[in-house]
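The next block holds one structure in the form of structure tokens; read it before the comments.
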Amino acid sequence: MEHIDFPGDFPSFETMMSVLKKVFEKSWKVDLDIEDINLWLGNFTGTFFDTEDERRLALWMLCNFTYYNDAEINHLCSVLFKKFIHTLMTDYGLKSSEEVEARINTLKFTSIGRPSESGGLILYHFRQEARLSTDCFIFPTSIAATESDIIVCIDDVMMSGGTAQRFFYQNQEDFAEKKIYYLALLSSNEALSKLQELNIKVIPCAVIDERNRAFSEESLCFFKYPALKETAKIMVEGYGKKIEPKKALGHMDGQYCFGFSYNIPNNSLPIFWSSSNGWNPIFCRKEKYQNAKQAKREYGFFI
């Protein structure tokens, strides 16, 4: 099998394993260990390149994965709230903390989609970090009934913007004559543009761009080793087609390498999260089921 031509300064297998062990314990604070890595590396069986070379390259991909633990999610929510307050003060000419507090008491925070989805989970973290009363929060189904003229929607990740766009189109009557702010932990420029066209003010904690896509021309993952990018894509996409044929590089060709403590977005590379066709993921993705029948097809019982 063909060997991969690694640059002379490319990290050794042992070095990356040592780094990841420390990252798991000190940074990600996740319940993973070397045995979990080895189980995941066992997926790479030399289908495209030499087996040991594939596993070394896979380790590099894992070293470039960004994992947001609970503490980091709280931090993102804190930063997001501060950015929102700054925007609110600018938009309404607020000068004092008393004016800000008075304005906050007139608006309502909500998520998009169903209460059981990730937006609702982020609301919990956001409320704690912002130290807001539970009275400030409503279900999406209560938007039409609220007297507040300002609605603040909160989400975790907004990649294509399609989900948010559909939500606002389907509920446009509920939002009539209301000013809408959309707060997201992470957002793409594409999603920002789509919502701004709907006259929705978007405030992201951080913007994801081409640099965050593993195999783009601007990829940070292969900034130091550009010669390995195409080789890695062949391997990752090849295995991706075996386990997730319709999204071999992630939903809508996402190519992302990030995830949260509560779940991994399907825009990220499937080699990290898929459990299809006998694949052992390093992170387990919890799929979203629309009804009990879907769950039964997957697990063989109703939930």
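The values are calculated or read from the model by the stated rules, or taken from the named source; none is laboratory data. Just so it is clear, the structure is predicted and the values come from calculations on it, not from any experiment. Note: ideal-geometry Cβ built from the backbone for every residue, glycine included; neighbour counts use all protein chains shown.
With (1) closer than 20 Å to residue 109 by Cβ; (2) surrounded by 18 or more Cβ atoms within 10 Å (Cβ to Cβ); (3) without any contact (Cβ under 8 Å) to a residue 40 or more places away in the chain; (4) of a type in the set (A, V, I, L, M, F, W, C) as the list, and residue 198 as the residue in question, which single condition is left unmet?
With (1) closer than 20 Å to residue 109 by Cβ; (2) surrounded by 18 or more Cβ atoms within 10 Å (Cβ to Cβ); (3) without any contact (Cβ under 8 Å) to a residue 40 or more places away in the chain; (4) of a type in the set (A, V, I, L, M, F, W, C) applied to residue 198, the lone miss is (2).
Yes/no per residue for (1) of a type in the set (S, T, N, Q); (2) within 19 Å of the chain's Cα centre (by Cα); (3) within 14 Å of residue 199 (Cβ to Cβ); (4) modelled with pLDDT under 90:
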{"site": "150", "(1), (2), (3), (4)": "no, no, yes, no"}
{"site": "156", "(1), (2), (3), (4)": "no, yes, no, no"}
{"site": "163", "(1), (2), (3), (4)": "yes, yes, no, yes"}
{"site": "171", "(1), (2), (3), (4)": "yes, no, no, yes"}
{"site": "176", "(1), (2), (3), (4)": "no, no, yes, yes"}
{"site": "180", "(1), (2), (3), (4)": "no, no, yes, no"}
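Which of the residues that make up segment 38-74 are within 15 Å of the chain's Cα centre (by Cα) and in contact (Cβ under 8 Å) with a residue 40 or more places away in the chain?
64, 65, 66, 67, 68, 69, 70, 73, 74
Scan segment 250-273 and report the pairs whose first residue is over 14 Å from residue 68 (Cβ atoms) and whose second residue is surrounded by 19 or more Cβ atoms within 10 Å (Cβ to Cβ) and of a type in the set (Asp, Glu), with Cβ atoms within less than 8 Å and a gap of 6+ or a chain change.
270/244
Out of 51, 90, I need the residue that is under 23 Å from residue 270 (Cα atoms) and among the polar types (S, T, N, Q). Which one?
Of 51, 90, the one residue that is under 23 Å from residue 270 (Cα atoms) and among the polar types (S, T, N, Q) is 51.
Scan (1) among the acidic types (Asp, Glu); (2) farther than 22 Å from residue 56 by Cα; (3) modelled with pLDDT of 95 or more for the single condition residue 230 breaks and write down its number.
All conditions pass for residue 230, except number (2).
Somewhere in segment 132-147, is a residue touching a Pro at 6+ places or on another chain (Cβ under 9 Å), modelled with pLDDT under 90 and either within 27 Å of residue 255 (Cα to Cα) or not assigned by TED's automatic domain parsing to the domain that holds residue 110 (or both)?
no
Scan segment 178-230 for residues that are hydroxyl-bearing (Ser, Thr, Tyr) and touching a strand residue (DSSP E or B) at 6+ places or on another chain (Cβ under 7 Å) and jot them down.
If the condition is that a residue be hydroxyl-bearing (Ser, Thr, Tyr) and touching a strand residue (DSSP E or B) at 6+ places or on another chain (Cβ under 7 Å), then 181, 182, 187, 188 are the ones that fit.
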